[in-house]
Amino acid sequence: AKRMGGDRVEVFRPTLQGEGANRLELEADLRKALKTDGISVFYQPIVRLADRSIAGFEVLARWNHPSRGAISPLEFIPVAEQSGLINELGMFVLDRGARQLSDWQSNFRLPVPLFVSVNISSRQLLRHDLINDVKAVLSRSALAPGTLKLELTESVVMANPEYSAKMLERLRALGAGLSLDDFGTGYSSLSYLQRFRFDTIKVDQSFVRPNGRSARPVILRSIIALGHDLGMQVVAEGAESESDSLELHQLGCEYAQGFLFGQPMEAAQATKLLEAEMAS
Ligand code: C2E
Ligand code: CA
Ligand code: CA
Ligand code: CA
């Protein structure tokens, strides 16, 4: 509410009560969507900067709401986390992504096998069954080792470092790849990087695109070098322009993801991209 002249108060935002009701409604709708094919997954290409060939895809959840239309994951993932529905949603995304990857790996015999990368939230990592779920998915799909990658943010692992370290080792032992997502936005001490043994870091978009802060290129260069010095692959997120891409390549970054190389898309469209690449 914003105070206007005199005693008049004009309401610009819903009341707290209204927001709570909206969240509950969204939660109920999400529960329904999970039961009725309302949730789907899109795939966004991750390319090698050297030749722009497709190295893999990030799997991103999508929700087409019956009356509201497309709802951003930035809105529904928090609702899923708070309500616990993230376990079901996360499992759905993991399962879809792994099946799709299995199809692609058998249909496209690439010199280096394709990977897919799936987001895992803190609530999923804390749930003990995640190990069994990942194990079941991997044993069913016969994927090349390390090609099903799990993306975790710094805040996810830092919420409970001791426990996370154990979980990550167990996931790695099963043959899952591990990516540290949104790198640079969290509050981790750098020493944790070695302890957690990620194979990939994903540099957050805020370091990748020009934003007027003069320290940005220096930080970007340092993050890429740090990743490489620790033996990790480095993926830059949010490359939107040719100049972003050129800068990343010059700084020695091998992989990038962003609107320049492709928006998140349906599986069929991603398959067409792969076919086009095989034909060229
Ligand atoms: P994220 O994991 O950092 O995913 C990357 C986000 O950046 C995606 O947004 C993608 O569409 C967007 N993006 C990619 N390239 C560009 C670019 O060049 N420019 C700009 N401006 N944006 C770009 P999306 O799909 O809306 O997802 C938002 C966030 O929601 C994700 O951020 C992730 O944190 C979460 N999310 C999405 N799907 C899932 C899921 O299945 N499980 C979990 N736990 N979280 C998910
Ligand atoms: Ca991600
Ligand atoms: Ca990210
Ligand atoms: Ca993000």
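The values are calculated or read from the model by the stated rules, or taken from the named source; none is laboratory data. It should be emphasised that the depicted structure is a prediction, and the values quoted were computed from it without experimental measurement. Neighbour counts run over all protein chains shown; Cβ positions are idealised from the backbone, glycine included. Areas reflect the complete protein model, heavy atoms only, side chains present, ligands, DNA and RNA absent. Shrake-Rupley method; radii C 1.70, N 1.55, O 1.52, S 1.80 Å.
Things worth noting here:
- Single residue of Gly238, Gly231 found to be part of a loop (DSSP other than H, G, I, E, B) and over 30 Å from Glu162 (Cα atoms): Gly238
- Residues of the stretch 197-208 that turn out to be at pLDDT 90 or above and away from ligand 2 (no atom under 16 Å from the Cβ), as a count: 0
- Scanning the stretch 168-211 for residues that are among the hydrophobic types (A, V, I, L, M, F, W, C), closer than 24 Å to Gln124 by Cα and part of a helix (DSSP H, G or I) yields a count of 6.
- Residues in the stretch 240-263 that are within 16 Å of ligand 2 (Cβ to nearest atom) and in contact (Cβ under 8 Å) with a residue 24 or more places away in the chain were compared, and the one that is surrounded by the fewest Cβ atoms within 10 Å (Cβ to Cβ) is Gln263.
- Strands (runs of 3 or more DSSP E) lying entirely in the stretch 45-138 (those with 2 or more residues that are within 16 Å of ligand 3 (Cβ to nearest atom), in contact (Cβ under 8 Å) with a residue 24 or more places away in the chain and on the phi < 0 side of the Ramachandran plot): 54-65, 115-119
- Scoring Ser214 on the criteria (1) away from ligand 1 (no atom under 16 Å from the Cβ); (2) not in a loop (DSSP other than H, G, I, E, B) leaves a single failure, condition (2).
- Of all the numbered requirements in (1) over 29 Å from Glu275 (Cα atoms); (2) at pLDDT 95 or above, Ser155 misses one, and that requirement is (2).
- Enumeration of residues in the stretch 165-179 that are buried (at least 19 other Cβ atoms within 10 Å of the Cβ) and either free of Cβ contacts under 8 Å to residues at least 40 places away in the same chain or more than 20 Å from Gly231 (Cβ to Cβ) (or both): Met167, Leu168, Leu178
- The residue list Glu266, Glu237 contains one member that is of a type outside the set (A, V, I, L, M, F, W, C) and either more than 22 Å from Arg62 (Cβ to Cβ) or open to solvent by 70 Å² or more (accessible area, probe 1.4 Å) (or both), which is Glu266.
- Applying the criterion of being among the acidic types (Asp, Glu) and more than 18 Å from the chain's Cα centre (by Cα) to the residues of the stretch 23-75, the residue that is farthest from Leu89 (Cα to Cα) is Asp51.
Matching residues to (1) closer than 29 Å to Ser245 by Cα; (2) crowded, with 16+ Cβ neighbours inside 10 Å; (3) free of Cβ contacts under 8 Å to residues at least 24 places away in the same chain:
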position: Thr147; (1), (2), (3): yes, yes, no
position: Asn160; (1), (2), (3): no, no, no
position: Tyr163; (1), (2), (3): no, no, no
position: Gly186; (1), (2), (3): yes, yes, no
position: Val203; (1), (2), (3): yes, yes, no
position: Val208; (1), (2), (3): yes, yes, no
position: Arg213; (1), (2), (3): yes, no, yes
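- Set Val134, Val116, Val93: member being touching a helix residue (DSSP H, G or I) at 6+ places or on another chain (Cβ under 9 Å) and within 16 Å of ligand 2 (Cβ to nearest atom): Val116
- Residue identified as surrounded by 15 or more Cβ atoms within 10 Å (Cβ to Cβ), modelled with pLDDT of 95 or more and in contact with a Leu (Cβ under 6 Å, 6 or more places away or on another chain) among Gly56, Gly38: Gly56
- Taken across the stretch 216-232, residues that are modelled with pLDDT of 95 or more and either of a type in the set (Ser, Thr, Tyr) or within 16 Å of ligand 4 (Cβ to nearest atom) (or both) do not occur at all.
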